[in-house]
Amino acid sequence: MNILIIGSGGREHTIAWKLAQSKECEQLFVAPGNAGTHQIATNLSIGVSDFKAIKEAVIAKSIKMVIVGPEDPLVKGIHDFFLAEEQLQGIIVVGPQQAAATLEGSKEFAKEFMKAHNIPTARYDSFTAETVEKGCRFLETMKAPYVLKADGLAAGKGVLILESLADAQNELREMLVEQKFGQASKKVVIEEFLDGIELSCFVLTDGKNYLTLPMAKDYKRIGEGDTGLNTGGMGAISPVPFASPEFTKKIKDRIIKPTMDGFQKSNLPFQGFVFIGLIKVGEDPFVIEYNVRMGDPETEVVFPRIQNDWVELFKAVGTQTLDQHQLQIDPRTATTIMAVSGGYPEAYEKGKKITGISAVKASTVFHAGTQIDKGIVKTSGGRVLAVTSFGKDHKEALEQSYKTLEKIHFQGMYYRKDLGFDL
Ligand code: AMP
Ligand code: GLY
């Protein structure tokens with residue numbers, strides 16, 4: 001079977017690496033891919049939301065399965081596009097249809113979904129430019145810190161957490177009236193602050209049946225001790241040491257099952273990955289957000305732990321037969337550490353030569369922001385490489401990733417040296 005993966009990050013390199021190990025995978029394509037996917041697949045120079053070019057490539061290369069990595073094409077309706085095009089019938093698309101992708105595309109929609117299906121989440125209300133003063137009054141009924149969320153996709157920057165009421169009211173006005181985040185902040189969700197530790201849970205569903213993947217914890221802040229600006233993710237650990245069997249059962253009963261039942265009841269066609277961002281408050285799980293794709297860098301620790309043939313699993317998504325599969329999970333801990341460009345998540349330089357990757361034996365290096373330039377691997381993004389290692393626990397696995405990172409170099413390279421500090 002010929003397969004196309006859409007995306008260009010560490011998540012897509014990891015998925016490609018798994019699919020390439022399957023006997024059922026004939027030709028593997030990645031659009032647009034990076035220097036890592038270039039080594040195991042054919043990169044196609046096509047943007048992730050260029051549906052017309054994707055269609056042409058799928059027909060020209062006889063592709064029968066498409067895995068959608070990032071949220072943008074899903075929220076724009078790539079799955080619906082495949083269903084509507086006569087020449088694309090019968091092709092398996094892993095990733096939900098637009099109606100379901102709105103769970104990530106609109107925070108208000110996600111909150112309404114949770115409310116409708118009794119899924120534990122923070123108390124909230126949502127506001128527009130017309131109701132901005134009502135929003136300011138609503139803030140007065142809440143306690144600090146104040147959580148403001150732009151309704152739409154804002155490249156991970158749309159959530160503000162503010163200590164003072166006056167700042168929160170000012171920001172609310174800027175978001176709604178000045179459209180601080182453009183269209184994304186035409187609506188703003190204000191919600192109660194939940195105090196706890198975060199973790200991510202992943203589900204693969206075919207629209208009828210589902211499999212629960214290993215959980216992971218990611219580290220979002222740039223600085224050690226979880227300080228500084230938010231990033232796409234600086235590293236991840238799976239399994240999550242504080243997710244005891246009792247706590248995991250609560251997640252399954254109170255969150256995963258009602259979410260899956262909710263898709264049926266609310267008529268949301270979902271074939272793909274559900275990524276549920278959770279927070280543990282006391283001993284109870286609450287949903288912070290839904291994403292309609294795998295996480296990055298969580299994929300770099302979750303996928304290596306799953307030993308199944310991924311082409312078989314994705315075929316089962318297409319034929320709605322996931323109930324005939326069980327996951328084989330490596331019991332060891334996997335950790336990944338992101339090496340990023342100096343300056344990230346603010347301005348940074350690209351085009352720096354990367355050395356040392358080929359000498360790595362004891363870890364797996366997944367490429368994120370890399371490209372091939374005249375045969376040389378160079379940086380091309382903020383998050384550059386994810387170094388994944390296994391160990392009997394997260395300390396041992398992290399130690400290995402740190403040892404590996406000492407061998408890798410590019411000008412300005414930075415990574416956090418304190419992952420796992422909070423466990
Ligand atoms: P989101 O884009 O919804 O995942 O929010 C980004 C980050 O903001 C989350 O990973 C949390 O760290 C934080 N956050 C979001 N909502 C809340 C909340 N209700 N209480 C506390 N922290 C939150
Ligand atoms: N690591 C968080 C995300 O993928 O959104």
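For segment 209-235, the set of residues classified as among the aromatic types (Phe, Trp, Tyr), in contact with a helix residue (DSSP H, G or I) (Cβ under 7 Å, 6 or more places away or on another chain) and near ligand 2 (Cβ under 10 Å from one of its atoms) is empty.
Val274 meets the conditions (1) within 16 Å of ligand 2 (Cβ to nearest atom); (2) touching an Asp or Glu at 6+ places or on another chain (Cβ under 9 Å) in every case but one. The failed one is (2). Taking Asp167 as the residue in question, decide whether it is without any contact (Cβ under 8 Å) to a residue 24 or more places away in the chain and either out of contact with any strand residue (DSSP E or B) (no Cβ under 9 Å at 6 or more places or on another chain) or not aromatic (Phe, Trp, Tyr) (or both). Taking the combined requirement at face value, the residue satisfies it. Among the residues making up segment 159-174, a single one is polar (S, T, N, Q) and surrounded by 15 or more Cβ atoms within 10 Å (Cβ to Cβ): Gln169. Filtered by the rule that a residue be open to solvent by 30 Å² or more (accessible area, probe 1.4 Å), out of contact with any Lys or Arg (no Cβ under 6 Å at 6 or more places or on another chain) and of a type outside the set (Ser, Thr, Tyr), segment 407-421 gives Lys407, His409, Gly412, Met413, Lys417, Phe421.
The number of residues in segment 183-193 that are more than 16 Å from ligand 2 (Cβ to nearest atom) and open to solvent by less than 30 Å² (accessible area, probe 1.4 Å) comes to 5.
In segment 69-172, counting only helices (runs of 4 or more DSSP H) that sit wholly within it, the ones holding 3 or more residues that are within 12 Å of ligand 1 (Cβ to nearest atom) and either out of contact with any Cys (no Cβ under 6 Å at 6 or more places or on another chain) or under 22 Å from Asn291 (Cβ atoms) (or both) span 107-116. Looking at this structure, is Ala362 small (Gly, Ala, Ser), modelled with pLDDT of 95 or more and surrounded by 15 or more Cβ atoms within 10 Å (Cβ to Cβ)? For Ala362, the condition - small (Gly, Ala, Ser), modelled with pLDDT of 95 or more and surrounded by 15 or more Cβ atoms within 10 Å (Cβ to Cβ) - is not met. Across segment 241-294, the qualifying residues are those that are open to solvent by 10 Å² or more (accessible area, probe 1.4 Å) and of a type in the set (Val, Ile, Thr), and the one among them that is nearest to ligand 1 (Cβ to nearest atom) is Ile288. Within segment 14-33, being closer than 16 Å to Phe366 by Cα and either without any contact (Cβ under 8 Å) to a residue 40 or more places away in the chain or open to solvent by 10 Å² or more (accessible area, probe 1.4 Å) (or both) holds for Ala16, Trp17, Lys18, Ala20, Gln21, Val30, Pro32, Gly33. The residues in segment 369-406 that are surrounded by 14 or more Cβ atoms within 10 Å (Cβ to Cβ) and assigned to a loop (DSSP other than H, G, I, E, B) can be counted, and the count is 5.
On inspection, Ala184 does not qualify as at pLDDT below 95, within 16 Å of ligand 1 (Cβ to nearest atom) and out of contact with any Gly (no Cβ under 7 Å at 6 or more places or on another chain). Residues that are open to solvent by less than 10 Å² (accessible area, probe 1.4 Å) and within 30 Å of Thr205 (Cβ to Cβ) do not occur anywhere in segment 340-353. Of the residues making up segment 210-232, at least one is aromatic (Phe, Trp, Tyr) and either within 18 Å of Thr335 (Cα to Cα) or modelled with pLDDT of 95 or more (or both). Checking each residue in segment 34-43 for being surrounded by fewer than 22 Cβ atoms within 10 Å (Cβ to Cβ) and in a helix (DSSP H, G or I) picks out His38, Gln39, Ile40.
The values are calculated or read from the model by the stated rules, or taken from the named source; none is laboratory data. On a predicted model such as this, the values are computed, not experimentally measured, just so you know. Positions of Cβ are backbone-derived with ideal geometry, glycine not excepted, and every protein chain shown enters the neighbour counts. When the accessible area is computed, the model is the full protein with side chains, heavy atoms only, and any ligands, DNA or RNA have been set aside. Shrake-Rupley method; radii C 1.70, N 1.55, O 1.52, S 1.80 Å.
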